[in-house]
Amino acid sequence: MKTCLTVIFNSEGALPSQIRDRLMALGLQATQGSYDFVYQWKEEPDVDMLLMLADRIHTALRDTGASFSLETI
């Protein structure tokens, strides 16, 4: 399974390259296409694992002005 992340940047916030660096430090990979980043799970995640990843992303993006959405497929 993988979790796909879409980021909405804010021109009053952090630079997109800074946001990329924060997300990649969490293990997400930058991608092109419908999503901006992908997290590849080593095992099938349960709801708690998905929420932990969302919490880590939320913390990483704090004070950047960026918004995000997740989709696990």
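All of the numbers you see were taken from the coordinates with simple rules; none came from a lab. Treat the numbers as computed from the prediction; the structure is a model and nothing was measured. So basically every Cβ, Gly included, is an ideal-geometry build from the backbone, and we count neighbours across all protein chains shown.
Order of 64-70, 38-44 by packing, highest average Cβ count within 10 Å first?
Going by the mean number of other Cβ atoms within 10 Å, highest first, we get 64-70, 38-44.
What is the mean projected area of the alpha carbon convex hull for the stretch 2-72, to one decimal in square nanometres?
Averaged projected area of the stretch 2-72's Cα convex hull equals 4.4 nm².
Which value, in debye to the nearest 20, describes the size of the charge dipole of the chain about its Cα centre when Lys and Arg Cβ atoms bear +1, Asp and Glu Cβ atoms bear -1, and nothing else is charged?
220 debye
Run the quick spin-label model on F9 and A25: label points 7 Å from Cα toward the beta carbon, then report their separation in nm to one decimal.
1.8 nm
Between the helical axis of 47-61 and the dominant principal axis of the chain, each derived from Cα atoms, what acute angle in degrees is found, rounded to the nearest 10?
Computed tilt is about 10 degrees.
Within 14 Å, Cβ to Cβ, of T3, how many net charges do the neighbouring residues add up to if Lys/Arg are +1 and Asp/Glu are -1?
Once positives and negatives cancel, what remains is -4.
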